[in-house]
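Contents: one structure, followed by commentary.
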Ligand SMILES: [Zn+2]
Ligand SMILES: [Zn+2]
Ligand SMILES: [Zn+2]
């Protein structure tokens, strides 16, 4: 499915800083949309902005969890991540949660009954 590019909010261009001119969005190559495999949820780590949270002010970095798309693929069934409780990040906020890879939720594997 094609989704609106989170990093540029569908504009196809981004500004790395407020002093610099707009340049082509590297996430969607300027198209404004990105292909993401269904089913998708909003990326918990960047809250759909596609930007790395708590990056140095005005330095726009793509989100490590969704690679700037703002959405991530998450198959059903899934549950709230037990390690970050859906926030998608660890306490200091700069690094995404390794358990859910920043999604905030984890897929439930049917083979093993234990959710971890
Ligand atoms: Zn884009
Ligand atoms: Zn993200
Ligand atoms: Zn997590």
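Stokes-Einstein diffusion for segment 40-103, with the hydrodynamic radius set to the Kirkwood value over Cα pairs and evaluated at 20 °C in a medium of 1.002 mPa s, equals 187 µm²/s. Just how many % of Cα pairs in the chain lie over 22 Å apart, if you round to the nearest whole percent? Of all Cα-Cα distances in the chain, 35 percent exceed 22 Å. Placing a pseudo-label 7 Å from each Cα along the Cα-to-Cβ vector at residue 99 and residue 47 gives an inter-label distance of 2.2 nm. Normalising the Debye intensity of segment 5-66 to I(0), with uniform scatterers on Cα atoms only, and taking log10 at q = 0.15, 0.18 Å⁻¹ returns -0.43, -0.61. Considering only 69, 101, 19, the Gaussian network model of the chain with Cα springs below 10 Å gives its largest mean-square fluctuation to 19.
Listing 1, 51 from fewest to most neighbouring C-beta atoms within 10 Å gives 1, 51. Modelled spin-label separation between residue 9 and residue 26, with each label point placed 7 Å from Cα along the Cα-to-Cβ direction: 2.1 nm.
Coordinate-derived values only; no laboratory data. Keep in mind the model is a prediction, meaning the values are calculated, not measured. Glycine also receives a Cβ, built like all others from the backbone with ideal geometry; neighbour counts cover every protein chain displayed.
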